[in-house]
Amino acid sequence: MTGVAVVGAAEAQWGEALPGLSAADVMVQASLAALADAGLTVEDVDGVFASATQIPWASVTLSEQLGITPRWQDSTMIGGASPMAHVNHARAAIAAGQCEIALIAYGSTQRTVGRATASVQERSPFEEPYAPPLPVAAYALAAARHMHAFGTTPEQLAAVAVSAREWAARRGAPAWHTKPLSIDDVLASPRVCEPFGVRDCCLVTDGGAAIVVTSADRARALRRPPVFVLGAAEAQTHRHISSMPDLTRTAAVESGARAFAEAGLRPADVESAQLYDAFTITPILFLEDLGFCAKGDGGPFVEDGGIGPGGRLRVNTSGGGLSYGHPGMNGLPLIVEAIREIRDAGKDVVLAHGNGGVLSTQATLLLGSEDAASDRPRVKVSRLREPAGAVMGRRRRAGTPSRSAR
């Protein structure tokens, strides 16, 4: 195993921050809460990892506001995949003896200040003449291509939003939206960029989150049962959507395969998956690319409550970015929810997957309980009926001949 564990986790100012608070203030509040959760203090921290769209020097700013001078810091910025990458980098720093207590944090006030101010888009000179409404246009391209290639339907996209709302209703406060949502509600919502309506798009909220990572040995001596890092990996395919090699295949194929290989696990071992859901197409893509189903079978996987309460796989159990909250970059809140699933829901293996840019960067994190990290029989088998890749065959559009018949 990787030899590190998460020992503290917290969120702060969820939904809409108090007036006058900056993104850095929110990040500080989350950091202090995560340290308190671990039974540690600011003075214990010697590694700081942070990223935020509103704070270019995020780790430096956070260190200054906390009043510390860390031995190691990292402001790596790869969008919503950044926090998973920070966990990967923190374990390398801890293993190398460069730090012992790593604080990983994020904060945003994008709802308060306006998304255009909080997240400035980096435009491509090849795309700029067409003035695409990014990032929604980029994800709409991926969704439209997936629908064309595999027969994915608007109702299947809508099922992702409905499942997220069902989970948020179970969670209650501080979830941003908890009122019942139906497939028809999603399909009837105002159009944004075909095939997306408003309910296919993530929320715009404020919020911050933080976790504390340390060595497995140190973790076992602290106040909360540790959540172990079983595997982690990062990958990318492009920066701008016009350079994406395949609109229906993301770098999650690579990051997921390496994270699972390191952990010695399969997708069928995962009991809960927290998947970046900036739009309804993204969980479908990641279910496929991470191996929970075959390419093209994401739509059938999610329909009829497949990822909702009582479905075949627990996905985005807080309500995710579609109903719980989406503070600019939602990677770290997904990790916090994965930790809740292990601590509070009694799950042994939980996956958290981050996505940055316009399907540009991907990072996969496998977290586990003490039992999962030990040499004992590792996990309870999840409710997936068959191993990854065998759940369903590859879907083709009606009338499209197989490769062997062409």
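Find the helices (runs of 4 or more DSSP H) located wholly in region 1-102 whose residues include 2 or more that are of a type in the set (D, E, K, R), and list them.
Working: elements: 23-38, 58-66, 82-95.
Output list reads 23-38.
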Out of (1) of a type in the set (Asp, Glu); (2) under 13 Å from the mean Cα position of the chain (by Cα); (3) at positive phi, what's the single condition that is false for Asp304? (2)
So Arg199 fits all but one of (1) within 22 Å of Arg314 (Cβ to Cβ); (2) more than 20 Å from the chain's Cα centre (by Cα); (3) crowded, with 23+ Cβ neighbours inside 10 Å; what number is the exception? (2)
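Let's see how each residue does on (1) modelled with pLDDT of 95 or more; (2) over 26 Å from Val349 (Cβ atoms):
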site: Met1; (1), (2): no, no
site: Val7; (1), (2): yes, no
site: Gly15; (1), (2): yes, yes
site: Val42; (1), (2): yes, yes
site: Ala50; (1), (2): yes, yes
So which of Arg314, Arg266, Arg258 ends up being of a type in the set (Lys, Arg) and in contact with a Ser or Thr (Cβ under 7 Å, 6 or more places away or on another chain)? Arg314
Kindly indicate whether any position in region 28-49 is in contact (Cβ under 8 Å) with a residue 60 or more places away in the chain and more than 20 Å from Val227 (Cα to Cα). yes
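From the list Ala164, Ala173, Ala142, which one is more than 30 Å from Pro245 (Cβ to Cβ) and either surrounded by 17 or more Cβ atoms within 10 Å (Cβ to Cβ) or free of Cβ contacts under 8 Å to residues at least 24 places away in the same chain (or both)?
Working: Ala164 fails: more than 30 Å from Pro245 (Cβ to Cβ); Ala142 fails: more than 30 Å from Pro245 (Cβ to Cβ).
Testing whether each residue is more than 30 Å from Pro245 (Cβ to Cβ) and either surrounded by 17 or more Cβ atoms within 10 Å (Cβ to Cβ) or free of Cβ contacts under 8 Å to residues at least 24 places away in the same chain (or both) leaves just Ala173.
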His326, sole failed condition from (1) more than 19 Å from Ala158 (Cβ to Cβ); (2) modelled with pLDDT of 95 or more; (3) within 15 Å of the chain's Cα centre (by Cα); (4) not in a helix (DSSP H, G or I): (1)
Hey, can you tell me all the residues within region 154-195 that are of a type in the set (Lys, Arg), in a helix (DSSP H, G or I) and out of contact with any Pro (no Cβ under 8 Å at 6 or more places or on another chain)? Arg171
Residue pairs, Cβ under 6 Å, 6 or more apart or interchain, first in region 310-321 and farther than 20 Å from Asp269 by Cβ, second assigned to a loop (DSSP other than H, G, I, E, B) and charged (D, E, K, R). List them. Gly320/Asp277; Gly321/Asp277
Looking at (1) surrounded by 17 or more Cβ atoms within 10 Å (Cβ to Cβ); (2) not assigned by TED's automatic domain parsing to the domain that holds Ile339, which one does Asp217 not meet, given that it meets all the others? (1)
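The values are calculated or read from the model by the stated rules, or taken from the named source; none is laboratory data. These figures come from a predicted structure and were not determined experimentally. No Cβ is skipped: glycine too gets one built from the backbone with ideal geometry, and neighbour counts run over all protein chains shown.
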